[in-house]
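Enquirer: Have a look at this one.
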Amino acid sequence: MDNTKPRKTIAPRLDMPCQPADVRRRNFREVALGYTPEMAMQEASRCLQCKKPGCMKGCPVEVPIPAFIAEVARGNFDAAYRIIKTTNSLPAVCGRVCPQEHQCEGGCILKAKGQPIAIGRLERFVADHYIATTACEQLTGASHCAMPAGGRKIACIGSGPSSLTCAGYCAARGIRVDVFEALHEPGGVLVYGIPAFRLPKDVVRKEVDSMRQSGVTFHTNWVGGRTVQVEQLLRDGYDAVFIGVGAGLPVFLGVPGENLIGVFSANEYLTRVNLGRAYDFPDGADTPVYPGRHVTVFGAGNVAMDAARTAMRMGAESVHVVYRRTRAEMPARREEVEHAEEEGVQFEMLASPTQFNGDETMTLRSVSLQRMRLGEADASGRRRPEPVEGDIYELETDLAIVALGTRSNPILLDATPALAKNARGYIVADEETGETSIPNVFAGGDIVTGAATVILAMGAGRRAAREICRRLGA
């Protein structure tokens, strides 16, 4: 008699419904349409509920993933939301923009078969489905928040994901929080950097509004290092300061012609479209964007994909992404690359710009590209791009967008000389607590690590907030 238990048959991963490519390529509505309740329960039922869940090890904010998925499988969506909110302040955001394939889904046992549980999609579904009855419940997952007590207060400089996480954690524990943001709208990179077709701005506003209602005060048009100073905040009686200003200084190519009219950093281009609502100019917004018929984007990360797909939606006839390596080395999320390709973006691989070419009015007309090949591996382990001698060609371009990454903006750092910085110009902070060289001043996110992901920044904000609350007895 065969007593072997039959193996559980695992259904295939459920695809995310999306707008058709030929429709979405000309609108800014969200591409991914989200799961229905039935789809979410079906996908959640695939989870094996492992005794040693690898998914949790990959989550920077330590979401109890198997527990929330189990509730989704049972149809208990509100319970799932409360579980997520015990550690994650921004689930609707994380479910959309985090690189789950390298984090929680990367640790899923089913990844070995190419079918990991769609953790990010389930997190997004739960957050979108949940309608909070109070601001505190939306913020913390609990039906009540601690009332501000004892005169304790902290300041957060910047309002991106690390600061929002720190502010939300502390406010939920009865600490007064003031957030100082340089731009006219809170949210940091979530509002100025990530396009609405990936992260609708009403999702970010909902999270920010819930914090306002729970007692967090947002001060916009306050520039860290200019209109607000770290030392002054401490003198004004703040018990702690958290610095989460990001790393927003763009990196350029350094080739001739980069000062021509029509060459932009991805930061400026995306900020004009996203924060300035240039896609609605002149009907609903006052900020225009430089028009481009033939657009070329340099870089191959998520920001490059955002810029390329945005240019397509702004009416470009052609959009090329130029990258000096091959598709296999592209750092962008695979899903973003696939979406870009479906929408008509063309990829110019193994090519590197040598100069931008303009006309007599100093306006960009083309870019000269050097054909490349991959040689031996460099220090990073990737094969080094090498020029193919004599193989240079021209690509018609009237709008170039440089998306090669960012570095630390020196405004706040130069104004705060007591802050220790590393050789790359980023703030040195304790890995466990986030505390800097100035006592009771903490930092986290891109200003510490360099450009990274939303969820890693949130993890840093959470660690710092936990230490702040411990010191303040909250």
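The values are calculated or read from the model by the stated rules, or taken from the named source; none is laboratory data. Values in this document were obtained by computation on a predicted structure and should not be read as measured data. Just the protein is used for accessible areas: all its heavy atoms, side chains included, with ligands, DNA and RNA removed. Shrake-Rupley method; radii C 1.70, N 1.55, O 1.52, S 1.80 Å.
Enquirer: For Met362, tell me the accessible area in Å² from a 1.4 Å probe, rounded to the nearest 10.
Expert: My reading of the accessible area for Met362 is about 100 Å².
Enquirer: Please go through the residue pairs Lys85/Lys201; Lys201/Lys421; Lys111/Lys206; Lys52/Lys206; Lys57/Lys153; Lys51/Lys206 and name each one whose alpha carbons sit more than 30 Å apart in this structure. Don't skip to the end; give the middle numbers.
Expert: On the way: Lys85/Lys201 20 Å; Lys201/Lys421 33 Å; Lys111/Lys206 33 Å; Lys52/Lys206 34 Å; Lys57/Lys153 33 Å; Lys51/Lys206 35 Å.
Those over the limit are Lys201/Lys421; Lys111/Lys206; Lys52/Lys206; Lys57/Lys153; Lys51/Lys206.
Enquirer: While we're looking at this one, here's another question. In terms of solvent-accessible area of protein heavy atoms at a 1.4 angstrom probe, what is the ranking of Cys18, Cys108, highest value first? Mind dumping the intermediate values first?
Expert: On the way: Cys18 50, Cys108 20 Å².
Largest accessible area first, the list is Cys18, Cys108.
Enquirer: In addition: Within the accessible area of the chain, what % is carbon and sulfur when the probe is 1.4 Å and the other protein chains stay in place? It would help to have the intermediate numbers written out before the result.
Expert: Details: 10860 of 20990 Å².
After summing per-atom areas, the C and S share lands at 52 percent.
Enquirer: Now, a different point. From the phi angles alone, apply the Karplus equation (6.51, -1.76, 1.60; θ = phi - 60°) to the stretch 234-246 and give each ³J(HN,Hα) in whole Hz, x where the residue is Gly or Pro.
Expert: Computed from phi, the couplings for the stretch 234-246 are 5, 5, 7, x, 6, 6, 7, 10, 10, 9, x, 8, x Hz.
Enquirer: For a quick check: with amide H placed at 1.01 Å from N, whose amide H comes under 5 Å from Leu249's, ignoring anything fewer than 5 positions away on the same chain?
Expert: Close amide H contacts, sequence-distant or interchain: Arg407, Asn409.
Enquirer: Run the 1.4 Å probe and let me know the accessible area of Leu350, rounded to the nearest 10 Å².
Expert: Accessible surface of Leu350 is approximately 50 Å².
Enquirer: Ordered by residue, what ³J(HN,Hα) values in Hz, to whole numbers, does the stretch 70-81 give under the Karplus form 6.51 cos²θ - 1.76 cosθ + 1.60, where θ = phi - 60° and Gly and Pro are x?
Expert: 4, 5, 4, 4, 8, x, 8, 5, 5, 5, 4, 4
Enquirer: Could you please put Glu389, Glu341, Glu435, Glu336 in sequence from largest to smallest accessible area, using a 1.4 Å probe? Walk me through the numbers before you get to the answer.
Expert: Values: Glu389 170, Glu341 90, Glu435 40, Glu336 5 Å².
Order by accessible area, largest first: Glu389, Glu341, Glu435, Glu336.
Enquirer: Quick one: 3J(HN,Hα) in Hz for the stretch 414-429, Karplus 6.51/-1.76/1.60 with θ = phi - 60°, rounded, Gly and Pro as x.
Expert: Once rounded to whole Hz, the list reads 5, 7, 10, x, 6, 6, 6, 10, 8, 5, 8, x, 9, 5, 8, 9.
Enquirer: 5 Å is the cut-off here: which amide hydrogens, built 1.01 Å from N in the peptide plane, fall below it relative to Ser366, excluding neighbours closer than 5 in sequence?
Expert: Amide H neighbours of Ser366: Asn357, Thr397.
Enquirer: Whole Å is fine, so just give me how far the alpha carbon centre of the stretch 7-35 lies from that of the stretch 194-257.
Expert: 31 Å
Enquirer: Under 13 Å between alpha carbons, and skipping anything fewer than 8 positions from Lys113 in its own chain: which aspartates and glutamates qualify?
Expert: Reachable aspartates and glutamates: Glu105.
Enquirer: Something else now. Could you put Glu268, Glu181, Glu329, Glu394 in order of accessible surface area, largest first, with the 1.4 Å probe and the full protein assembly present? Walk me through the numbers before you get to the answer.
Expert: Values: Glu268 80, Glu181 15, Glu329 45, Glu394 125 Å².
Of Glu268, Glu181, Glu329, Glu394, the descending order of accessible area is Glu394, Glu268, Glu329, Glu181.
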